[in-house]
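K.L.:
Dropping the structure in here first, questions after.
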2 protein chains.
Amino acid sequence: MKIEHRAIATRHIKNTVKFTLWGRAAGRCEFEGCNKPLWKSPVTQEPVNISEHAHIYAFSEDGPRGNRGITKAKLNEIENLLLVCSDCHRKIDAQKDGGRYTVALLQQWKSTHEQRIEVVTGIVPSKRSHVLLYGANIGEHSSPLKFADAAFSLFPQRYPADDRGIDLSMIGSLQSERNPSFWKNERENLEGKFTRSVKERIALGEVDHLSVFGLAPQPLLILLGSLMIDIKHADVFQLHREPAGWAWPPSAPTVPFSVQKPSSFDGPPALVLALSATVTPDRITDVLGDNASVWTVTIPTPNNDFVKTRGQLAEFRKLVRPLLDQIKAHHGQRTPLHVFTAAPVSLSIELGRIRMPKADMPWEIYDQVGQHGFIPAITIN
Amino acid sequence: MKIEHRAIATRHIKNTVKFTLWGRAAGRCEFEGCNKPLWKSPVTQEPVNISEHAHIYAFSEDGPRGNRGITKAKLNEIENLLLVCSDCHRKIDAQKDGGRYTVALLQQWKSTHEQRIEVVTGIVPSKRSHVLLYGANIGEHSSPLKFADAAFSLFPQRYPADDRGIDLSMIGSLQSERNPSFWKNERENLEGKFTRSVKERIALGEVDHLSVFGLAPQPLLILLGSLMIDIKHADVFQLHREPAGWAWPPSAPTVPFSVQKPSSFDGPPALVLALSATVTPDRITDVLGDNASVWTVTIPTPNNDFVKTRGQLAEFRKLVRPLLDQIKAHHGQRTPLHVFTAAPVSLSIELGRIRMPKADMPWEIYDQVGQHGFIPAITIN
């Protein structure tokens, strides 16, 4: 019997037991209060394995704590092993009977350590984002947004939360902006779908973060942005022309925004975004009269492909939010602000996002319809 | 050359690399956003090693991401390996050139994951406690407190923060309580040392937690407790007779406290702790006169060895704190409360700890001097 027993009881610990013990201990000494990293020198920080395996029930019958209460087969299993540093190993095994390092105490320490490690390492910032697609007909062209293209551009900052996204588009609409009922129908569709597919799901905790892709006439993009005011965690994307796609280029020079203020504040106030194209003053006075007070946000050479970084969206928000306050201070909160935009899609959405419904002036948003010039499209009040 | 190269380039990864990778990854998939535990089945929770090793630079020249930019010798080193689950391994290696899983991205993921693990697993509640010793002569006996005995009794809840402790005792005092200057000298010593050795070190952040061991005449123990009012984290210990020592027994029955109220509230108020011994009424009326209003906290059979658990200290605090408010409500805040104690050392300290200096009545604390009965010893105002 004795010979057979010795044949079974080997000090060999399987590699997979060692691997998983390292993982569950996060490579730290499990002696309560020690927690020392065991993969590097505490003196020089050089990589070195300074771990040891302490048996809770002793390997040999007359070892510390003995081995009554465990079968031989379990002696080298993970539940009987503590990953420890050499100093703590000696303390645990210093006395013949284990002394104050009892089986129950060591089991409790192992369990507490490994539970703590599992809990704290399980907490990671979620990379899940719901892909929000919003396409509406622009002029005579429909704008089918493809989920796959949008989802691909989230990487590596975020991953799509599902494989469909949330599509707010009015599918199969044949209307164009010239049709008088276009704005009413698109607005009802957008507001209704946004409430059902976004707001209610956020309230239920199903949606934490949105990645927003819009291709639509600018008043609808501004409206979309204004619906997102309660949504703290959203990234707005821009469809780039060179290189084509929604993904942000790795790096790009930024373009400085500037603001032109009106010389007098007597006429009806207008906010003009002359960013993707220049907007000549006559285009505004044609609509508002010669005394219009025109506030213009522009860049040195307006063009449709200058938004190349997420940082530019932040700069735009930081510039325009105080500008809205300034305009209100000159013209009063009840006066309607006439909004004319020639802007990249992302900035139209961002303009809507910074609107504060209780503090800002009402907005009359115009759309540019080919040779017809600017026509009133949407009011946000 | 080719043959030699093949001889060097082996897929073998050293065990110590695998161990430390498991530790640094905390056994979780390092693909950013995955974090899956690799030591158990996600379906059944059974222990199983489901890990794989992903090479950042490919093992073979024409593998994903190739292996330009790394020496053959470093291919199987920890810096070139990600601990991953099978699903994520396939994604990383699905395309011939790695696709969007570039070397730079995978290196960043590895680094972010392992830094996060090191930081979050490094946070542990400290078990360090400063051992506070306070011994003063009791009657004709000096009370040398031994650091080693005290420190031993902290285990396993706490460990001593250093190997000396903080000793507030007046070393070599030959005075006894009968000496008129005894109280004045001991008080000055205790208050002075407490400020220098405890309060100032707490303010400097050097001391987080105190383990308090007192053996001294009861008025001085109450004074010590009253000095600790700003110290949130402290454990008070009791010197037990059976079994002898400061360590708390593993478990013990608790003894119920009871309160006896005076029949009239007209005379001078007295708080009596009749816990380690009975205190007959004449002992109080001898001092305060026949109309004394005596509030007594007692137990069924007063004795010196009934405090056996930390829980009893908490019960005592919970009983006496509202009792102090009740006494004040009857007698007024400015009236001195005469305090007579026959109590285990731990409860005398706890009585001082629950005193609220701005809200409570002044305390006149008496000491029992052999056959002389109670004599005024210390005033806390």
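K.L.:
About the Cα centre of the range A:108-263, how large is the charge dipole given +1 on each Lys and Arg Cβ and -1 on each Asp and Glu Cβ? Please answer in debye to the nearest 20. Before the final figure, lay out the partial values.
P.N.:
On the way: 17 positive and 17 negative charges, 51 e Å.
With Lys and Arg at +1 and Asp and Glu at -1, about 240 debye.
K.L.:
With point charges of +1 on the Cβ of Lys and Arg and -1 on the Cβ of Asp and Glu, referenced to the Cα centre of the protein assembly as shown, which listed residue (B:G98, B:L288, A:I123) lies farthest in the positive direction of the dipole?
P.N.:
B:G98
K.L.:
Stretched out fully, how many nm does the piece from A:S86 to A:R334 gain, at 0.36 nm a residue minus the Cα gap? Write down the numbers at each step before the final one.
P.N.:
Working: separation 248, 0.36 × 248 = 89.28 nm, distance 7.51 nm.
Gain on stretching A:S86 to A:R334: 81.8 nm.
K.L.:
Farthest toward the dipole's positive end in the protein assembly as shown, which of A:S111, A:F182, B:P300, given Cβ charges of +1 (Lys, Arg) and -1 (Asp, Glu) about the Cα centre?
P.N.:
The residue sitting most towards the positive pole is A:S111.
K.L.:
A further question follows. Answer rounded, prolate or oblate for the range A:270-381, using the Cα gyration tensor with square roots of eigenvalues a ≥ b ≥ c: rounded when a/c is under 1.5, else prolate when a/b is larger than b/c, else oblate.
P.N.:
oblate
K.L.:
Round to the nearest 10 and give me the degree value, 0 to 90, for the angle of helix B:182-194's Cα axis relative to the longest principal axis of chain B.
P.N.:
Roughly 20 degrees, rounded to the nearest 10.
K.L.:
Among the GluC sites (Glu not before Pro) in the range A:75-165, which ones are in a DSSP loop with at most 15 other Cβ atoms within 10 Å of the Cβ? Mind listing them? Kindly include the intermediate steps, with their values, before the conclusion.
P.N.:
Numbers: sites: A:E77, A:E79, A:E114, A:E118, A:E140; in loops: A:E77, A:E140.
The qualifying sites are A:E77, A:E140.
K.L.:
If a paramagnetic tag sat 7 Å from the Cα of A:E77 along the Cα-Cβ line, which residues of the range B:33-59 would have the backbone N under 11 Å from that point?
P.N.:
Answer for this model: B:47.
K.L.:
Just in the range A:186-279: which trypsin sites (Lys or Arg not before Pro) are loop by DSSP and have at most 11 other Cβ atoms within 10 Å?
P.N.:
On the way: sites: A:R187, A:K193, A:R196, A:K199, A:R201, A:K232, A:R241; in loops: A:K232, A:R241.
Passing both the DSSP loop test and the Cβ count: A:K232, A:R241.
K.L.:
Could you tell me which residue out of A:P256, B:P160, B:A270 lies farthest along the dipole of the protein assembly as shown toward its positive end? Charges go on the beta carbon: Lys and Arg +1, Asp and Glu -1, centred on the Cα centre.
P.N.:
Toward the positive end, the furthest listed residue is B:P160.
K.L.:
Then there is this: Taking Cα centroids, how far is the range B:298-375 from the range A:283-298 in Å?
P.N.:
A separation of 82 Å, based on Cα centres.
K.L.:
I would also like to ask the following. Express in nm, to one decimal, how much length is gained between A:K261 and A:N303 on full extension, taking 0.36 nm for each residue of separation and deducting their alpha carbon distance.
P.N.:
On the way: separation 42, 0.36 × 42 = 15.12 nm, distance 2.12 nm.
Gain on extension, A:K261 to A:N303, equals 13.0 nm.
K.L.:
Right, another one. In whole angstrom, note down how far apart the Cα centers of the range B:213-229 and the range A:179-242 are.
P.N.:
The range B:213-229 and the range A:179-242 have Cα centres spaced 68 Å from each other.
K.L.:
If the label for B:R317 sits 7 angstrom from Cα along the Cα-to-Cβ line, what are its distances to the same label in every other copy, in nm to one decimal, shortest first?
P.N.:
In nanometres, ordered from closest: 4.6.
K.L.:
Which residues' amide hydrogens lie under 5 Å from the amide hydrogen of B:A234, considering only partners 5 or more residues apart or on another chain, with H built in the peptide plane?
P.N.:
Those qualifying (amide H under 5 Å, at least 5 residues apart or on another chain) are B:L210.
K.L.:
Pop a pseudo-label 7 angstrom from the Cα along the beta-carbon direction at both B:S60 and B:V124 and give the gap in nm to one decimal.
P.N.:
4.5 nm
K.L.:
Over the range B:211-344, what is the relative contact order in whole percent, taking alpha-carbon pairs under 8 Å and six or more residues apart?
P.N.:
Working: 181 pairs, mean separation 41.6, N = 134.
Worked out over the range B:211-344, it gives 31 percent.
K.L.:
I've got another one for you. What FRET efficiency would be calculated for the residue pair B:K96, A:S197, taking the C-beta separation as r and a Förster radius of 30 Å, to the nearest 0.05?
P.N.:
Working: r = 39 Å, r/R0 = 1.30.
It comes to 0.15.
K.L.:
Efficiency by 1/(1 + (r/R0)^6): what FRET value for B:E315 and B:H12, r their Cβ-Cβ distance, R0 = 51 Å, to the nearest 0.05?
P.N.:
Details: r = 63 Å, r/R0 = 1.24.
That pair, B:E315 with B:H12, gives E of 0.20.
K.L.:
Could you pull out every Cys in chain B that lacks a partner Cys with its beta carbon under 4.7 Å away?
P.N.:
B:C88
K.L.:
Please report, for B:P125, the nm distances (one decimal) from its label point, 7 Å out from Cα along the beta-carbon direction, to the equivalent points in the remaining copies, shortest first.
P.N.:
Going from nearest to farthest copy, the values are 2.9 nm.
K.L.:
What residue among A:T280, A:T335, A:T20 has the largest mean-square fluctuation in a Gaussian network model of chain A, using Cα springs under 10 Å?
P.N.:
Between A:T280, A:T335, A:T20, it is A:T20 that shows the largest mean-square fluctuation.
K.L.:
Assign one of three labels to the range A:201-336, namely rounded, prolate or oblate, based on the Cα gyration tensor with a ≥ b ≥ c the square roots of its eigenvalues; rounded applies when a/c is under 1.5, prolate when it is not and a/b is larger than b/c, and oblate otherwise. Could you put the intermediate results ahead of the total?
P.N.:
Details: a/c = 2.16, a/b = 1.40, b/c = 1.54.
Oblate.
K.L.:
Tilt of helix B:15-24 relative to the longest C-alpha principal axis of chain B, in degrees (0 to 90, nearest 10)?
P.N.:
Once rounded, the angle reads 50 degrees.
K.L.:
Are there chymotrypsin sites (Phe, Trp or Tyr not before Pro) in the range A:229-333 that DSSP puts in a loop and that have at most 16 other Cβ atoms within 10 Å, and which ones?
P.N.:
A:F265
K.L.:
How many percent of DSSP beta bridges within the range A:245-381 run antiparallel, rounded to 5?
P.N.:
Given both bridge residues lie in the range A:245-381, the antiparallel proportion sits at roughly 40 percent.
K.L.:
Report, for B:S197, each distance to the same residue's label point in the other copies, shortest first and in nm; define the point 7 Å along Cα→Cβ.
P.N.:
7.3
K.L.:
So, one more: Taking a ≥ b ≥ c as the square roots of the Cα gyration tensor eigenvalues, with a/c under 1.5 meaning rounded and otherwise prolate when a/b beats b/c, else oblate, which class fits the protein assembly as shown?
P.N.:
Values: a/c = 3.30, a/b = 1.57, b/c = 2.10.
Cα axes put the protein assembly as shown in the oblate bin.
K.L.:
Given the rule -39500 (n - 2.57) for each run of at least 4 DSSP H residues, summed and divided by the residues of chain A, what is its mean residue ellipticity at 222 nm, to the nearest 500 deg cm²/dmol? Please report the intermediate quantities before stating the final value.
P.N.:
Details: 11 runs with 117 residues, N = 381.
Value at 222 nm, helices only: -9000 deg cm²/dmol.
K.L.:
Mind scanning A:K127/B:K127; A:K199/B:K40; A:K110/A:K232; B:K127/B:K184; B:K127/B:K318; A:K232/A:K328 and naming the pairs with a C-alpha gap bigger than 30 Å?
P.N.:
Details: A:K127/B:K127 36 Å; A:K199/B:K40 38 Å; A:K110/A:K232 41 Å; B:K127/B:K184 36 Å; B:K127/B:K318 26 Å; A:K232/A:K328 24 Å.
Too far apart for the 30 Å limit: A:K127/B:K127; A:K199/B:K40; A:K110/A:K232; B:K127/B:K184.
K.L.:
Taking the Cα centre of the protein assembly as shown as origin, sum charge times position over the Cβ atoms of Lys and Arg (+1) and Asp and Glu (-1), and report the length of that vector in debye to the nearest 20.
P.N.:
Values: 90 positive and 80 negative charges, 334 e Å.
So the dipole magnitude of the protein assembly as shown works out to roughly 1600 debye.
K.L.:
Charges at C-beta only: +1 for Lys and Arg, -1 for Asp and Glu. How large is the resulting dipole of the range A:206-355 about its Cα centre, in Debye rounded to 20? Before the final figure, lay out each step's value.
P.N.:
Numbers: 13 positive and 13 negative charges, 55 e Å.
Charge dipole, the range A:206-355, about its Cα centre: 260 debye, nearest 20.
K.L.:
Expressed as an acute angle from 0 to 90° and rounded to the nearest 10, what is the orientation of the C-alpha long axis of helix A:345-354 relative to the principal long axis of chain A?
P.N.:
80 degrees
Rule-based calculations on the coordinates, nothing more; no lab input. These numbers were taken from a predicted model, which means no experiment stands behind them. Please note: Cβ atoms are built from the backbone with ideal geometry, for glycine as well, and neighbour counts cover all protein chains shown.
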